Amino acid sequence: MSDVIVVGAGLLGSAMAYGLARTGARVTLLDGGDQAYRASRGNFGLVWVQGKGVGKPEYARWSWGSARLWPGLARALLEETGVDVRLQQRGGLHICLSEDELAERRSRLQGIREAVGPDYEFEMLDLQAARELMPGLGPEVPGVSFSLMDGHVNPLKLLGALHAACRHRGVAILTGRHVEAIARKGADFEVRAGGERWQAARVVLAAGLANRTLAPLVGVDAPIGPNRGEVLITERLPPALAYPTNYIRQTDEGTIQIGDSLEDVGYDDSVSTPVLGGIARRAIRCLPSLAGLRLVRSWAALRVMTPDGFPIYQESASMPGAFVVSCHSGVTLAAQHVFTIAPWLGGGERPRAIDGFRADRFHSGVLMEEPLDAH
């Protein structure tokens, strides 16, 4: 018998299962398998802070805190698994393509700094100064915002490292298990999937888009839905881009990753030629040298989005010991999930930093008017 059952083996569930195992908990990790919608395998890979938290400064602090914890997570995974997730945290650029866009960006970041505090790091750079960091920026770029808080990783290596670290600490990872029912059995929970049953004192639902139907099984309303993002990948190149941007980054393998879109198309995770064309045109305006590169693949993935774009961290009021966790920033927030959320899930004190991310906020009639950054 386990202490905790975690449902969902993507970046969220794997990070929390690993964090729980670090506390000494016995963990079973149930996953639906590769046929499930996989935001974790279509991720842009950014550890991104700047711009997040408009209208909700606690989210800016939460993201920033995770970025500061990230070096410790990268070290822990390397020591336990030998997998280098290729974390780079030298800073990141948000490229603007008009004076209006640049002015809006400045206003957005200044507003967050005023709410969060003067240590919230960013600077606005004109084209000349920006080209010192990223030579080759196109003439249509009036400027960028730059922040040392930002960076990127290899998201597939991260997912693999989390799975390896879970196994190293004794987590039972069971795939092909689509959860059908969750019920109380005395002091424990019983989770049923495909005719099999598991019991544990605690259960954590971290199943991405499936949380919408799973959360009511433990008495929580999690109003999440899909939002599609599409990505282009170029041929491999020698190192050319020293910093990631909001739209373009060079991976540790040498490819250039370009994207992504924000599309409300339901559960359609196919690619769209018109959307990919728009992504390519914007990228060439940012960096004209991209026009000559060969594209090798593209993909689309579905983000897990709440109505206001911010996470859900909720313990069930009617079934204490059952938790619902949803977010769309599984890479950026991975360190918080390992080091801060997991101890709470295992029976520790609820972190005050997540008080603004309860699921019941959606029943107050107050939602954010401005969408969250995509990453």
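For the reader, a short list of remarks on this structure follows.
- For region 1-81, the relative contact order is 22 percent, taking Cα pairs closer than 8 Å that sit 6 or more residues apart in sequence and dividing their mean separation by the residue count.
- Radius ratio Rg over Rh of region 1-90, counting only Cα atoms, Kirkwood formula for Rh: 1.00
- Comparing Val153, Val203, Val265 in a Gaussian network model of the chain, where Cα atoms under 10 Å apart are tied by springs, the biggest mean-square fluctuation is seen for Val265.
- Projecting the Cα atoms of Gly160, Leu174, Ala222 onto the dipole axis of the chain, where Lys and Arg carry +1 and Asp and Glu carry -1 at the beta carbon, places Leu174 farthest toward the positive end.
- Estimated inter-spin distance, Arg352 and Leu237, nm [label 7 Å along Cα→Cβ]: 4.8 nm
- Inter-label distance, Tyr267 to Glu132: 5.2 nm, where each label sits 7 Å from its Cα along the C-beta direction.
- For the pair Thr175 and Arg75 in one chain, pulling the backbone fully straight at 0.36 nm per residue adds 33.3 nm over the alpha carbon distance.
- In a fully extended conformation the segment linking Asp84 and Glu196 would gain 36.7 nm over its present Cα-Cα distance, using 0.36 nm per residue.
- Centre-to-centre, using Cα atoms only, region 241-308 and region 75-126 are separated by 19 Å.
- Listed by chain and number, the lysines placed with their C-alpha closer than 28 angstrom to that of Lys157 are Lys52; residues fewer than eight positions away on the same chain are left out.
- Classified by the C-alpha gyration tensor, region 95-136 has an oblate form. Its axis ratio a/c, with a ≥ b ≥ c, is 1.5 or above, and a/b does not exceed b/c.
- Each of Asp126, Asp264, Asp150, Asp3 has some number of other Cβ atoms within 10 Å of its Cβ, and from fewest to most they run Asp264, Asp126, Asp3, Asp150.
We did not get these values from a lab; they are worked out from the coordinates using the rules stated. As the structure is a computational prediction, the values presented were derived from the model and not from experiment. Glycine also receives a Cβ, built like all others from the backbone with ideal geometry; neighbour counts cover every protein chain displayed.
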